[in-house]
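Please read the structure below before turning to the comments.
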Amino acid sequence: MIFPILSRRYQNRQRGIQLEYPFAYKNQGPGQLRPMTPLSRPTLLEIAAQPYPLALDPARTALLLIDMQRDFLEPGGFGAMLGNDVSLLRSAIAPCQRLLDVARKAGMLVIHTREGHRPDLSDAPPAKLTRGPGPMRIGDAGPMGRILIRGEPGHAIVPELMPLPDEPVLDKPGKGAFYQTDLSLLLANRGIASLIVAGVTTEVCVHTSVREANDRGFECLVVSDAVASYFPQFHRAALDMITAQGGIFGWVADATTLCAELARIDA
Ligand code: TIU
């Protein structure tokens, strides 16, 4: 039973107290607590973020990459079907690549999400299926296969950000990464308390996921140039909404600032 120890550690961190040796104790039976290997190096990173600096424990932080799929970033997919200029999202690819690189080198948990549906559309709400300005619908055949359908070429993560075999790829039917997925379980099993969030689009799937995560008690750091929107004004407003009111949903920092800190970690 390690949770009481972890939660005490978490409370201390909230109060700015840093433990020298954050051991987890394994319950070996009545009265027989035995220290295990340290859960992490006792290093807290201090990220220069808005609205104020954020202390991150890299051992308890995951990188969550939201929906960096061909369906949103390339012509002929779901984003284009909705009438958008998909080239506007491509600015997020290079910052996401830099984040992925430092997170992997630091040994952090990396989770990729994909929005999409079963081929028989049984997990797609009718209201979602009938919405949209054009003649094409979710499930219709496009140049990258059936639109927003799992297993089709358009559903794949863009090649620049290809997940490694040991990185969980989480399929979600909605905008939020927690809704009808096992994300909570994955994060709990790794003792994750903080999320670095990047991906698309800022005001839709990124925002929904950050709001869900915030309500579940996760500290969320959104990476301002590693998220993007089809609407620059929504992108800016969405970032402002996160940091307003003293960080009502979380924190915002740019990829250069964050990568410089994460690069200090030895895996
Ligand atoms: N339409 C739009 O801006 N976004 C989505 O539908 N999904 C995600 O944001 N991933």
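The values are calculated or read from the model by the stated rules, or taken from the named source; none is laboratory data. Only a predicted model underlies this, so the values are computations on that prediction, with no experimental measurement involved. When we count neighbours, we look across all protein chains shown, and the Cβ atoms used for this are built from the backbone with ideal geometry, even at glycine.
Brief remarks on what is shown
Here is a yes/no grid of residues against (1) closer than 26 Å to Asp85 by Cβ; (2) out of contact with any Ser or Thr (no Cβ under 8 Å at 6 or more places or on another chain); (3) away from the ligand (no atom under 13 Å from the Cβ):
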{"site": "Ser209", "(1), (2), (3)": "yes, no, no"}
{"site": "Cys220", "(1), (2), (3)": "no, no, yes"}
{"site": "Val252", "(1), (2), (3)": "yes, no, yes"}
{"site": "Cys259", "(1), (2), (3)": "no, yes, yes"}
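- Scanning segment 131-144 turns up no residue that is in contact with a strand residue (DSSP E or B) (Cβ under 8 Å, 6 or more places away or on another chain), within 28 Å of Gly250 (Cβ to Cβ) and of a type outside the set (Lys, Arg).
- Residue tally, condition crowded, with 23+ Cβ neighbours inside 10 Å and either assigned to a helix (DSSP H, G or I) or basic (Lys, Arg) (or both), over segment 206-223: 5
- Failed condition for Met241, given (1) touching a residue at least 60 places away in the same chain (Cβ under 8 Å); (2) under 30 Å from Gly83 (Cβ atoms): (1)
- Thr243 being farther than 20 Å from Phe78 by Cβ, more than 16 Å from the ligand (Cβ to nearest atom) and surrounded by 18 or more Cβ atoms within 10 Å (Cβ to Cβ): yes
- Sole exception among (1) within 19 Å of Ala106 (Cβ to Cβ); (2) touching a Leu at 6+ places or on another chain (Cβ under 6 Å) for Phe78, by number: (1)
- A search for C-beta distances below 8 Å between a residue of segment 76-89 that is under 14 Å from His235 (Cβ atoms) and more than 10 Å from the ligand (Cβ to nearest atom) and any residue that is of a type in the set (A, V, I, L, M) and modelled with pLDDT of 95 or more, counting only pairs 6+ apart in sequence or on different chains, returns Leu88/Ala228.
- Hits in segment 111-123 (condition: buried (at least 19 other Cβ atoms within 10 Å of the Cβ) and either among the basic types (Lys, Arg) or free of Cβ contacts under 8 Å to residues at least 60 places away in the same chain (or both)): His112, Arg114, Gly116, His117
- A residue that is away from the ligand (no atom under 12 Å from the Cβ), part of a strand (DSSP E or B) and modelled with pLDDT of 95 or more can be found somewhere in segment 176-194.
- The set of residues in segment 224-259 being assigned to a helix (DSSP H, G or I) and among the aliphatic types (A, V, I, L, M) consists of Ala237, Ala238, Leu239, Met241, Ile242, Ala244, Ala255, Leu258.
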